1. With each label point set 7 Å from Cα along the Cα-Cβ vector, what nm distance links residue 155 and residue 206?
2. Cα centroids of the stretch 62-117 and the stretch 135-171: how far apart, whole angstrom?
3. Rounded to the nearest 0.05, what FRET efficiency do residue 16 and residue 172 have when you use their Cβ-Cβ distance and R0 = 45 Å?
4. Roughly how many nanometres apart are two label points built 7 Å out from the Cα toward the Cβ at residue 114 and residue 6?
5. Please report the relative contact order for the stretch 18-197, taking Cα pairs under 8 Å with a sequence separation of at least 6, and give it as a percent rounded to a whole number.
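Read the figures in this text as sums done on the coordinates, not as results from a lab. Worth saying up front: this structure is predicted, and the values here are computed from it rather than measured. Note that each Cβ is placed from the backbone with ideal geometry, even for glycine, and that neighbours are counted across all protein chains shown.
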Ligand SMILES: Nc1ncnc2c1ncn2[C@@H]1O[C@H](COP(=O)(O)OP(=O)(O)O)[C@@H](O)[C@H]1O
Ligand SMILES: [Mg+2]
């Protein structure tokens, strides 16, 4: 429903379209959305993959949950309402990046199925999004615990931590499931080859 603030807003068509940008870039744009527990390896895989794409001349950007929370979403808490707003804002930024012709990697826990579905639909579905579930047992994540967040959640210093007090809903229909204990090289290659198969990029890896 349009509220008063929105009703006098009119969409302005731009002269430079996504298609023109994609043609200029010599690759298609897409959002690669990594979901998984804290410590699953989302940021590590996304970084590794982005470097590979970048070296091959692709136009890329990585939206990392933690970094976004220090800027665009620094006003948000980890309450259910704010988590939803966090995901919505990241989704909206990713949508702009898609239009800008960029291969955008998003690494954010995104624990709830209905919010992931909302993003999938917002971005235009399967042709624009690759949902990647980084599947790492919580026991492994807790052992890694580089930021000592699990430790703090267990001791009660953090009371709304995903996987401990808050639920992480396993993705119902991800485009790919990665084993978060596999080497970064293996997981990056898997995604590169999907991008190639889907005609997003024109190179693959053996
Ligand atoms: N495949 C892997 N094998 C071993 N350690 C890993 C692997 N992937 C990530 N890690 C380590 O696990 C920790 C958490 O990874 P990170 O990418 O920050 O997870 P997330 O972004 O999902 O929270 C880091 O210390 C990272 O170095
Ligand atoms: Mg991370």
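1. Distance between label points: 5.2 nm.
2. Spelled out, the Cα-based centre of one part sits 19 Å from the other.
3. About 0.75, to the nearest 0.05.
4. Taking the two extended label points, one gets 1.8 nm.
5. Worked out over the stretch 18-197, it gives 33 percent.
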